[in-house]
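The values are calculated or read from the model by the stated rules, or taken from the named source; none is laboratory data. Because the structure is a prediction, the values reported are computed rather than measured. We place every Cβ from the backbone using ideal geometry, glycine too, and count neighbours over all the protein chains shown.
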Amino acid sequence: MKFSRIIASALAAMLLVGGIASAQSTLTLYQGAQINAKMRSTLDTATAQIGDRFVMDVVAPYPSGDPSFQGSTVVGEVKAVTRAGQGRKAAIKLQFDTLRLSDGTVVDISATATNNQQTKDLRNGGKVALSTIGGMLLGNIIGKTIFHTGGGGLVGAAGGFLYGYNSKSNFKIPQGSTVQIQLNQNVTIRRQASPPR
């Protein structure tokens with residue numbers, strides 16, 4: 001009888017420890033949380049193609065001030081491109097798909113860029129740094145006039161972001177440039193118990 005009680009107590013303790021470990025390995029990033037990341041490669045409206053994948057390295061300050069996000073990446077793809085031309089302004093729509101932690105944990109995300117760095121090539125070979133405004137407003141401006149969508153700002157809220165510049169010139173989002181994205185919905189991250197092999 002005592003032996004069965006000992007076993008039952010041990011099992012209960014194991015379940016409790018397991019529950020605590022599970023709780024400790026779960027993190028929620030709430031809607032509106034910001035992620036700062038740097039581009040690993042350059043995106044150019046002159047050469048980008050729909051479906052091109054891109055990767056960004058998450059940098060400090062990290063979401064929720066959590067240093068465990070060091071080494072994480074955000075992966076996305078180009079959803080639409082308009083090249084500069086006669087009477088046509090350049091634009092590019094990016095979609096942010098997944099957040100991958102350094103331990104291999106991957107979660108789907110829906111996010112909108114709120115700030116970034118761009119460069120525009122000048123005719124004399126020089127470059128000028130540019131910046132953009134938030135996704136909702138830019139979505140209304142470019143979504144209706146260039147991509148002829150009726151969604152306006154909702155285009156950005158659907159998980160992407162439209163970059164544009166009020167000039168009929170192509171522009172670049174350079175390698176190493178910082179992009180700040182904001183989550184459109186809550187994300188629950190269940191960390192892996194150990195790094196993948």
- Task: Please state which of the following conditions Ile133 fails to meet, knowing it meets all the rest: (1) outside any helix (DSSP H, G or I); (2) modelled with pLDDT of 50 or more.
- Result: (2)
- Looking only at the stretch 55-89, which residues are part of a loop (DSSP other than H, G, I, E, B) and under 16 Å from Lys38 (Cα atoms)? Ala60, Pro61, Tyr62, Gln70, Gly71, Ser72
- May I ask you to list the residues in the stretch 186-195 that are touching a Ser or Thr at 6+ places or on another chain (Cβ under 9 Å) and either at pLDDT below 90 or loosely packed, with under 15 Cβ neighbours inside 10 Å (or both)? Asn186, Thr188, Arg190, Arg191, Gln192, Ala193, Pro195
- Query: Can you tell me which residues in the stretch 26-51 are surrounded by 13 or more Cβ atoms within 10 Å (Cβ to Cβ) and more than 25 Å from Thr105 (Cβ to Cβ)?
  - Reply: Thr42, Leu43, Asp44, Thr45, Ala46, Ala48
- Query: Looking at Arg88, is it surrounded by 14 or more Cβ atoms within 10 Å (Cβ to Cβ) and either more than 19 Å from Arg191 (Cβ to Cβ) or not polar (S, T, N, Q) (or both)?
  - Reply: no
- Item | the stretch 164-188 residues that are closer than 18 Å to Lys79 by Cα, paired with ones that are among the charged types (D, E, K, R) and at pLDDT 90 or above (beta carbon under 6 Å, 6 or more apart) | Lys172/Asp44
